[in-house]
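So the structure is just underneath, and the comments pick up after that.
The values are calculated or read from the model by the stated rules, or taken from the named source; none is laboratory data. The structure displayed is predicted, hence computed values, not measured ones. Here the Cβ is made from the backbone with ideal geometry for all residues, glycine too, and neighbour counts use every protein chain on show.
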Amino acid sequence: MHRSDRAGTPASGTVVECRSVCKTFRQRQPSERPRDVLRNLLHPRFRTIEALRGVSFTVNRGEVVAYAGPNGAGKSTTIKLLSGMLAPTSGSVRVLGMDPVADRTRYVGRIGVVFGQRTELWWDHPVAASYEWKRVVWDIPRERFDRMCGVARDILGVGESWNTLARELSLGQRMRADLGMAMLHEPEILFLDEPTLGLDVLAKRSMTRLVQQLSATGSVTVMVTSHDMNELEQLAGRVIFIESGNLAYDGDFASLRREFGDLRRLVLETDSATPPSLPGAELVGSQGMRHEYRLGGGGADVAALLRLAGEQCPVLDVETHRAPIDEVIAGIYEHWGRNRPAGTA
Amino acid sequence: MNARALTAACRRTSALSAGAMLGENPLFLLTYLLRLLRLAALLAIWRAVFAARGQVGGMDVEQVLTYTLLAGILAEPLNCRTGLDRSLWEGAIVTRMLQPMGLVASFVSEMAGRWAVGFAFCSLPMLLLAPLLGVDPWPASAAAAAWFGLSLALAIVVGVALDFLYGAAIAVLKTDIWMLDGMRHAVALLLSGAVVPLALLPWGLGRWMQWLPFGALASAPLQIYTGAGDAPMLLALQAFWALALCLFGRWVWRLTRERMVSYGG
Amino acid sequence: MAARILRLWALYAYLDGMWIARDFRSFIFYYLADAVTAVASVAGVLLLAQRFDGIPPWTRDQVVFLLGFGMVARFVPDMLGNYNVLHISRRIGRGQLDHILVQPQPVWMALLTEGFAPFWGLLSLAPGVGLMVWAGQRMGLEATPPWLLAFALNLAGASAALTAYAALWGFAAFFQPRAAEEISGSAVDLMTDLKGFPLDALGPGLRTALVTVIPAGLMAWYPCRALLGLDHGIAALWATPAAAAALCCAACLTFRMGMKRYAQVGSSRYTSFGHRR
Ligand SMILES: Nc1ncnc2c1ncn2[C@@H]1O[C@H](COP(=O)(O)OP(=O)(O)OP(=O)(O)O)[C@@H](O)[C@H]1O
Ligand SMILES: [Mg+2]
């Protein structure tokens, strides 16, 4: 409709601001027994789901924020709230100084949204036609359109499926085309909900590179959810964890590792199949002569451990590395799972 | 899969699909109210058309009213829709092919589940309301009733076979279903005699149209029920179409199976 | 704003044209299906009117005119209502409104333009007009300017009534996503099924229902009564447009309420079918 006026917004500062946002849903809980048919019809049972329970955070311009949490934590709900599809039950959401629901038409011209499992492409048309459609509906100036088409074709590799019908694209090709399309109007903020769904290693990398390039310019803010923690750690400096609708962590990945135990690994190769016993390090497993240990937080003294091992048998080779981020996260999720209060969804 | 297991699977599928219809809320009953309204309107129009006439095309007004009532009551079985077209279009057919019970059984039992709901909440009330609507719901004779049962069964077989052929056509043409659906609805309604009995068409058109497979869908059983047709001849014709279309459908289906799986999704 | 609407219509016309003309076979097929649908949907009543020489109190020619009117009245809603825009319950109920909400334009503008497919349904316009002209000539209908004005008004009213009515049932999906899909489908189908019949023979209750709750009568029967002089008086000529306006208001109100609700509950049954395909 009206070209978004970018002039009015400051080059830095807060762009996303969520203040004690709550979102509740009602879900039908029908009984599956045939004799309950009438009850289901006339007196259905509901349960209330608190998808978000008072979440507050702010995001500054140019930040790349990973938004993570287990299934059903409320990630997609948050993205919908931020993109103007849903209104919060209580609390306030302000993005770019606007209310996403009330100022929707003005607002969505300045953001881009991608849901990994949905597509904006026209099913029976080539990708190029969908892009043209977007140009007209979003009222994108020709120069910007051509430039961003170039980005989509060169960096995301949409060029190869340029004239292919959307219905005949593979999942990954479709995702790339969708990402490229979301970028066409050069949004100031990108909300990506599982954007790497179905992408292969290379495509993930190019998507990562694109986001990094964007964030390097400092003008685009990105909020991305994913279940692939490695990818998130590469992409984002900051991660927000949400669990059962509560904000559980907000900070950078390094402090996350510190806070939840920076688990490191020590691998020893010795000349015997019996692992040396090392107090303070937990044996994870042995493969032949290779023995892997888990080391607790940052304080473990590796030199002392090596000396101790050397006293028991000759050590042929030593490796230490950080535990994969997935493992850190799995540890966190498990911890949450155990401590989850009863009766919540 | 043995017969016991198959029956069990079909029953479970029917129950699920009936449950899915019932599951949400009683609002869907409005659909049936609309059907009743349509029936009432058609009955009134027939009365007006026949106002000053005795018999037309071998049918009197009573017969036409019974015919229309029954067409309303049995709207679903007289125009089988298995949902195959949608399933093909959406690519959901692949999961059906993974079910051990077979495509036909799977679709038909699902359809039966929907019918059961329609029967309980719409057909039965319509039948009970018949006297209020001033229509005699009884078959022409005991023999007609017996023949009618057989005829209805054949009509369903023909309907399912046509539905599967239609599905094969969609898969081969790779076209979208909305366009074809409108055409199919209009054509089937006209040619099957579900709205206007074939005998009442001008220029003896009906005599020719009854030989088409569509006639086996609605016209034949309804004619038999109202005693307006020659039962053995109609049944033989229906049996012929049932056999021919099933064989043909099997053949086409084998031929196009591959295209169907790759279609959609 | 008008310029934007025109620009969007041009865009969708281009998309539609590209789609129809993607290959010759589908092109032919498309129009064939269109023609068959158009003919089959009126043939029943037409043949009945032929056999019984009209449907009392309508003469055969009057019935023919009525059928033509009904066909043409459907033309505009059908042309603007593709991709389930006319069956909007399917889109709302399937969570596809989200796709509209990310577009930087009001929802009504998206709805007004997204379903535009001018190359579709063309073949129902020609026979419809043909039927009306043919019947009009046989009846010796005088197309005076006032009559033509009344005709245009009633035709627009009938189209608007269908659109608003379909929208009303469709917006029910804001409140009952699943049930509304079925009801809305049947309700619109019923309009199509009954629009070709003269409804004079119905009892007063039924007749009222068919011009109010389920305004199938407004699609052709009521406006044609007025236009063909079966119903005298100026009020009859204005009834259809007035009813259409009322239905439009009701649809707008429901839409507003529905959008408010959608922002609260969203949709949890997303499928991508019936949307942009
Ligand atoms: N429209 C809705 N109606 C009812 N319940 C909903 C709706 N949308 C989401 N929910 C519920 O809210 C909770 C949060 O859902 P959400 O989709 O935000 O999870 P998520 O974090 O994105 O999970 P995932 O990782 O599986 O995508 C879930 O329990 C879900 O069942
Ligand atoms: Mg999600």
Yes or no: the range A:205-220 includes at least one residue that is surrounded by 21 or more Cβ atoms within 10 Å (Cβ to Cβ), within 16 Å of ligand 1 (Cβ to nearest atom) and among the β-branched types (Val, Ile, Thr).
no
Requiring at least 1 residues that are in contact (Cβ under 8 Å) with a residue 40 or more places away in the chain and of a type in the set (Phe, Trp, Tyr), the helices (runs of 4 or more DSSP H) wholly within the range C:2-98 are C:2-20, C:24-52, C:60-80
The range A:108-139, subset more than 8 Å from chain C (Cβ to nearest Cβ) and in a helix (DSSP H, G or I), residue nearest to A:GLN173 (Cα to Cα)
A:VAL127
Condition set more than 13 Å from A:THR208 (Cβ to Cβ) and either more than 16 Å from ligand 1 (Cβ to nearest atom) or within 14 Å of chain C (Cβ to nearest Cβ) (or both), scope the range A:221-240, selection surrounded by the most Cβ atoms within 10 Å (Cβ to Cβ): answer is A:THR221
When you check A:ARG176 against the structure, is it away from ligand 1 (no atom under 16 Å from the Cβ), in a strand (DSSP E or B) and in contact with a Ser or Thr (Cβ under 9 Å, 6 or more places away or on another chain), yes or no?
no
Could you tell me how many of the residues in the range C:161-216 are under 24 Å from C:ILE92 (Cα atoms) and either facing chain B (nearest Cβ under 7 Å) or in contact (Cβ under 8 Å) with a residue 60 or more places away in the chain (or both)?
31
Within 11 Å of another protein chain (Cβ to nearest Cβ) and under 30 Å from B:THR95 (Cβ atoms): which single residue out of B:LEU173, B:LEU165, B:LEU200, B:LEU205 fits that description?
B:LEU173
Considering only helices (runs of 4 or more DSSP H) fully contained in the range C:186-277, which possess at least 3 residues that are surrounded by fewer than 21 Cβ atoms within 10 Å (Cβ to Cβ)?
C:204-209, C:234-265
Considering only the range A:25-49, state which residues are within 16 Å of ligand 2 (Cβ to nearest atom) and among the hydrophobic types (A, V, I, L, M, F, W, C).
A:PHE25, A:ILE49
Residue satisfying condition, being surrounded by 14 or more Cβ atoms within 10 Å (Cβ to Cβ) and at pLDDT below 80, within set A:LEU263, A:LEU305
A:LEU263
Taking the range A:50-82 as the region of interest, how many residues are within 13 Å of ligand 2 (Cβ to nearest atom) and either of a type in the set (S, T, N, Q) or outside the structural domain of A:LEU210 (by TED's automatic domain parsing) (or both)?
4
Considering residues that are among the hydrophobic types (A, V, I, L, M, F, W, C) and at pLDDT below 85, the number found within the range A:158-174 is 1
Would you check if there is a residue in the range A:93-105 being surrounded by fewer than 21 Cβ atoms within 10 Å (Cβ to Cβ), within 12 Å of chain C (Cβ to nearest Cβ), among the charged types (D, E, K, R) and within 16 Å of ligand 1 (Cβ to nearest atom)?
no
For the structure I just gave you, tell me whether B:ALA40 is modelled with pLDDT of 90 or more and at the interface with chain C (Cβ under 8 Å from one of its Cβ atoms).
yes
Modelled with pLDDT under 90 and among the small types (Gly, Ala, Ser), is that true of C:GLY93?
yes
Looking at the structure I just gave you, is A:MET148 part of a helix (DSSP H, G or I) and within 16 Å of ligand 2 (Cβ to nearest atom)?
no
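Would you confirm, using the coordinates I've provided, whether C:ALA243 is away from every other protein chain (no Cβ under 12 Å) and of a type in the set (A, V, I, L, M, F, W, C)? So that I can check it myself, show each step before the final result.
Details: away from every other protein chain (no Cβ under 12 Å): yes; of a type in the set (A, V, I, L, M, F, W, C): yes.
So C:ALA243 passes the test.
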Search the range A:270-282 for residues that are assigned by TED's automatic domain parsing to the domain that holds A:ALA304 and pair each with any residue that is surrounded by 11 or more Cβ atoms within 10 Å (Cβ to Cβ) and β-branched (Val, Ile, Thr) when their beta-carbon atoms are under 7 Å apart and the residues are at least 6 apart or on different chains.
A:THR270/A:VAL315; A:PRO276/A:THR270
Within the range C:100-138, considering residues that are crowded, with 21+ Cβ neighbours inside 10 Å and part of a helix (DSSP H, G or I), the one nearest to the other protein chains (Cβ to nearest Cβ)
C:LEU101
Going by the conditions given, is A:LEU86 within 16 Å of ligand 2 (Cβ to nearest atom), in contact (Cβ under 8 Å) with a residue 40 or more places away in the chain and in a loop (DSSP other than H, G, I, E, B)?
yes
Could you please give the count of residues in the range A:68-83 that are more than 16 Å from A:GLN117 (Cβ to Cβ), under 11 Å from the mean Cα position of the chain (by Cα) and not in a loop (DSSP other than H, G, I, E, B)?
1
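Conditions (1) surrounded by fewer than 21 Cβ atoms within 10 Å (Cβ to Cβ); (2) among the β-branched types (Val, Ile, Thr); (3) in contact (Cβ under 8 Å) with a residue 24 or more places away in the chain, marked per residue:
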{"position": "B:LEU29", "(1), (2), (3)": "yes, no, yes"}
{"position": "B:GLN63", "(1), (2), (3)": "no, no, yes"}
{"position": "B:THR66", "(1), (2), (3)": "no, yes, yes"}
{"position": "B:GLY91", "(1), (2), (3)": "yes, no, yes"}
{"position": "B:VAL104", "(1), (2), (3)": "yes, yes, yes"}
{"position": "B:ALA120", "(1), (2), (3)": "yes, no, no"}
{"position": "B:LEU124", "(1), (2), (3)": "yes, no, no"}
Only one of these is outside any helix (DSSP H, G or I), more than 10 Å from chain C (Cβ to nearest Cβ) and either surrounded by 20 or more Cβ atoms within 10 Å (Cβ to Cβ) or among the hydrophobic types (A, V, I, L, M, F, W, C) (or both): B:GLY215, B:GLY249, B:GLY229, B:GLY193. Name it.
B:GLY229
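Here's the yes/no breakdown for (1) surrounded by fewer than 19 Cβ atoms within 10 Å (Cβ to Cβ); (2) of a type outside the set (D, E, K, R):
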site	(1), (2)
A:HIS125	no, yes
A:GLU143	yes, no
A:ARG147	yes, no
A:GLU160	yes, no
A:ALA166	no, yes
A:GLN173	no, yes
A:ALA177	no, yes
A:THR196	no, yes
A:LEU202	yes, yes
With respect to B:ALA51, determine if the residue is within 13 Å of chain C (Cβ to nearest Cβ) and under 27 Å from C:ALA179 (Cβ atoms).
no
Taking the range B:64-103 and keeping residues closer than 23 Å to B:LEU200 by Cα and assigned to a helix (DSSP H, G or I) leaves B:VAL64, B:LEU65, B:THR66, B:TYR67, B:THR68, B:LEU69, B:LEU70, B:ALA71, B:GLY72, B:ILE73
Checked the range C:8-64 for anything among the small types (Gly, Ala, Ser) and at the interface with chain B (Cβ under 10 Å from one of its Cβ atoms); matches are C:SER26, C:ALA33, C:ALA35, C:ALA38, C:ALA40, C:SER41, C:ALA43, C:GLY44, C:ALA49, C:GLY54
Restricting attention to the range A:179-202, the residues that are outside any strand (DSSP E or B), β-branched (Val, Ile, Thr) and away from ligand 1 (no atom under 16 Å from the Cβ) number exactly 1
